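The values are calculated or read from the model by the stated rules, or taken from the named source; none is laboratory data. All values derive from a computational prediction rather than experimental measurement. No Cβ is skipped: glycine too gets one built from the backbone with ideal geometry, and neighbour counts run over all protein chains shown. Protein only, heavy atoms only, side chains kept; ligands, DNA and RNA dropped before computing areas. Shrake-Rupley method; radii C 1.70, N 1.55, O 1.52, S 1.80 Å.
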Amino acid sequence: MSRKTPNLSKANAHTGRHSTVPLESTQPKLTQYIGFFSIGYVLASAIFMMIQTKLTLNAQLVTVLSIAVGAYIAVHKFIKHQHRALQKNEINRLMLGGIMSVWLLTVLYFLGVWFLLFNQVSREVLFEMTKQRPLPLLSALVMIVLLSLVSARISIWAFNHLLNPKKDTL
């Protein structure tokens, strides 16, 4: 007498057959939501740049608020399209993808400024200044990357819980 292990895969409702589609292919692609995150960040940054022409704002505060606006737009669109809140792995992927896209846009912005606005003398002065004291610049870069990662994680998590359409009520 042989024992058979039961098949635990879920049956497809339409055909009655067992589904062989892996779980990861049924999850939504986060690429468009990373795009929403980036668009929200760029729009908020542009608005804050216009505000900064009239009054001075802290650069770290502007970064955190811009990331929060991008996170709100991405989470709002995800919940609107998927009719559910983000799962933990989706929060992590959205956070990392959003921050990578934001920093890629920042690098492109600085390269544009470097090549289009600075002349040769300005480039040499900045390059020499960077060579003489690289540690403060490197530590500032690490701190702003950590600040953007932490603020993106907290913002996405908070908006995910605030906008969750299926809140558990006690």
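Quick notes on this one:
- When Leu30 is tested against (1) modelled with pLDDT under 90; (2) farther than 26 Å from Ile144 by Cα, only condition (2) is not met.
- Looking across the stretch 40-56, the residues that are open to solvent by 50 Å² or more (accessible area, probe 1.4 Å) and either closer than 15 Å to Ala152 by Cβ or in a loop (DSSP other than H, G, I, E, B) (or both) come down to Val42, Thr53, Lys54, Leu55, Thr56.
- Test: residue in the stretch 62-69 that is within 24 Å of Val150 (Cα to Cα), surrounded by 13 or more Cβ atoms within 10 Å (Cβ to Cβ) and at pLDDT below 90: no
- Residues satisfying the stated conditions in the stretch 57-81, i.e. without any contact (Cβ under 8 Å) to a residue 24 or more places away in the chain, in a helix (DSSP H, G or I) and of a type in the set (A, V, I, L, M, F, W, C): Ala59, Leu61, Val62, Leu65
- Test: residue in the stretch 82-90 that is hydrophobic (A, V, I, L, M, F, W, C) and in contact with a Pro (Cβ under 8 Å, 6 or more places away or on another chain): yes
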